[in-house]
Amino acid sequence: MTDLAQKPKTPITLSTLNKYKKTGEKFSCLTCYDASFAHLMDVAEIDTILVGDSLGMVVQGQSSTLPVTVADMVYHTANVARGNGHALIMTDLPFMSYATLADAISSSRAVMQAGANMVKLEGGSELAQIVQTLANNGVPTCVHLGLTPQSVNVFGGYKVQGKTESQTAKLLSDCEILVGAGASMILLECVPSALAKQVTERFDVPVIGIGAGVDTDGQVLVMHDMLGVYTRKPAKFVKDFLSDASNETGDIVGAFKNFHQAVKDKAFPTVAHSF
Ligand code: KIV
């Protein structure tokens, strides 16, 4: 059984992640939606927490992330912030809550005031003005590209993106424009490893991957997935760290610690988890 006493740790900030990028140290990220799990992630020294709109699916039981509201994100961000110790907290702006600049400002204000350190938005170059305005107002952004679940109805399902030459060129150009506009981080979901490697090498900002191969600067998993709490068939990039033989304590903190260490050691993900 893991000792759950909290030891004071140096807070992880964007500067920390930028430093990791320069030194080649990988960083861990898990989704989290409440104070208790945020506390356990602090004990396990997880670097960054994503209050993801995946909560629509894994907490609320919805069939997509579309029904999630700003009020939901505020509620869960505040809960996570109360349990958090040292991790950087990133919160998703939910579906259609940043369709206009005014909406983006109001949604970002709400989640930042609830305890987020940065916001995550799904999309490409069309977000440039929003990213720039938020940066000018003290709100760092992470831009989420590749498989963007809020666009599931456009994609016609949860499919690997960036496989064709034109999709690759578009994704690289989107990143160029968004980093130029002031995006502080890039998240790539379900893209070929070679494309994720290119993005990670080309841009100075930290790049987090999920189903994006072994080369990104950070790795994120949905907490329920990495604890083996599945309501549907897990994706190829998922690993159950709770029941894994390497989890000596057999508990949740052990699973979080092993994920964190596997990311740092470049032992997770492997090519078997990649596209
Ligand atoms: O909402 C979420 O959990 C996410 C991850 C899949 C990256 O955006």
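Results for (1) surrounded by fewer than 22 Cβ atoms within 10 Å (Cβ to Cβ); (2) more than 9 Å from the ligand (Cβ to nearest atom), shown as yes or no for each residue.
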{"residue": "35", "(1), (2)": "yes, yes"}
{"residue": "41", "(1), (2)": "no, yes"}
{"residue": "47", "(1), (2)": "no, yes"}
{"residue": "51", "(1), (2)": "no, no"}
{"residue": "57", "(1), (2)": "yes, no"}
{"residue": "64", "(1), (2)": "yes, yes"}
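Yes or no: residue 111 within 16 Å of the ligand (Cβ to nearest atom), in contact (Cβ under 8 Å) with a residue 12 or more places away in the chain, surrounded by fewer than 18 Cβ atoms within 10 Å (Cβ to Cβ) and in a helix (DSSP H, G or I)?
Taking the combined requirement at face value, the residue does not satisfy it.
Among the residues of segment 168-187, is any within 15 Å of the ligand (Cβ to nearest atom), buried (at least 22 other Cβ atoms within 10 Å of the Cβ) and on the phi > 0 side of the Ramachandran plot?
no
Being part of a loop (DSSP other than H, G, I, E, B), more than 22 Å from residue 182 (Cβ to Cβ) and more than 11 Å from the ligand (Cβ to nearest atom) is the filter here; which residues of segment 194-219 pass it?
Matches in segment 194-219: 213, 214, 215.
Taking segment 108-139, which residues are over 30 Å from residue 9 (Cα atoms) and not charged (D, E, K, R)?
123, 124, 125, 127, 128, 129, 130, 131, 132, 133, listed by residue number.
Considering only segment 69-81, how many residues are within 13 Å of the ligand (Cβ to nearest atom) and farther than 24 Å from residue 219 by Cα?
Number satisfying all stated conditions: 1.
Test of understanding: among 198, 261, which residue is out of contact with any helix residue (DSSP H, G or I) (no Cβ under 6 Å at 6 or more places or on another chain), closer than 30 Å to residue 166 by Cα and polar (S, T, N, Q)?
Answer to the check: 198.
None of the figures in this text is laboratory data; all of them are computed from the coordinates on show. Quick caveat: nothing in here was measured; it's all calculated off a predicted structure. Here the Cβ is made from the backbone with ideal geometry for all residues, glycine too, and neighbour counts use every protein chain on show.
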